[in-house]
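*Asks:* I am attaching a structure below and will ask some questions about it afterwards.
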Amino acid sequence: MDDDAPLTNPVAGLDNTIHQRVRLGILTVLCEAERADFGYLRTTLELTDGNLSSNLATLEHAGLVELDKTYEGRRPRTWVRVTAAGRKALADEIAVLEALVLRVNGTSRRTP
């Protein structure tokens, strides 16, 4: 490593709201599907109802997803949609992760 190069925190740009594994998965699925119902997210991400609910609440509070509670007959159904802010936040998170990979790959090729 160059002694004159400034030290930077390689993970400073990661967003704690998004970076958590479940929330990253939720946003990824929603960006692919535009919207998904609660059951689909639960099954796809292999989560319990409670775990999915609490993570959706965090994302909703941050303005990254919107929930739409409807009924099909007498059965309640919750649809989840990613917001524009959610799409941007996921893209920003991916950019930080890509930069981290480049940093690691660049460092691993250097000789001491």
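A short reminder: the numbers here are calculations on the coordinates, not readings from a lab. The shown structure was predicted, so the numbers you read here are calculated from the model rather than taken from an experiment. Cβ sites come from the backbone with ideal geometry, for glycine too, and all protein chains shown count toward neighbours.
*Asks:* Where does helix 84-108 land angle-wise versus the long Cα axis of the chain, in degrees 0 to 90, nearest 10?
*Replies:* The answer is roughly 30 degrees.
*Asks:* On to the next question. Put +1 on the Cβ of every Lys and Arg and -1 on every Asp and Glu Cβ in region 16-102; which of 89, 57, 33 then has its Cα farthest towards the positive end of the dipole?
*Replies:* 57
*Asks:* Give a quick list of trypsin sites (Lys or Arg not before Pro) in region 37-112 that DSSP marks as loop, anything other than H, G, I, E or B, with at most 11 other Cβ atoms within 10 Å.
*Replies:* Values: sites: 42, 69, 74, 77, 81, 87, 88, 103, 109, 110; in loops: 74, 109, 110.
Here the trypsin sites (Lys or Arg not before Pro) that fit, given the DSSP loop and packing criteria, are 74, 109, 110.
*Asks:* May I have the extent of the alpha carbons of region 16-102 along their three principal axes, as whole Å values ordered from largest to smallest?
*Replies:* Its Cα atoms span 51, 24, 21 Å along the three principal axes.
*Asks:* Pairs of Cα atoms under 8 Å, at least six residues apart: use those to get the relative contact order of the chain, whole percent.
*Replies:* So the answer I get is 31 percent.
*Asks:* Test of understanding: what is the full-extension gain from residue 69 to residue 53, defined as 0.36 nm times their sequence separation minus their Cα-Cα distance?
*Replies:* 4.5 nm
*Asks:* Ok, one more. Does anyone have the angle between helix 49-61 and the longest principal axis of the chain? Alpha-carbon axes, 0 to 90°, nearest 10?
*Replies:* With rounding to tens, the tilt is 70 degrees.
*Asks:* By counting other Cβ atoms within 10 Å of each Cβ, how are 26, 94 ranked from fewest to most?
*Replies:* Fewest-to-most Cβ neighbours within 10 Å comes out as 94, 26.
*Asks:* So how far apart, in nm, are the two label points at residue 17 and residue 104 if each is 7 Å from Cα heading toward Cβ?
*Replies:* For residue 17 paired with residue 104, the spin-label model returns 2.6 nm.
*Asks:* Place a +1 charge on the Cβ of each Lys and Arg in region 16-102 and a -1 charge on the Cβ of each Asp and Glu, then give the dipole magnitude about the Cα centre in debye, rounded to the nearest 20. List each step's numbers first, then the result.
*Replies:* On the way: 11 positive and 12 negative charges, 55 e Å.
Charge dipole of region 16-102: 260 debye, to the nearest 20.
*Asks:* Which GluC sites (Glu not before Pro) in region 21-69 sit in a loop by DSSP (not H, G, I, E or B) and have at most 11 other Cβ atoms within 10 Å of their own Cβ?
*Replies:* Answer in residue order: 34, 46.
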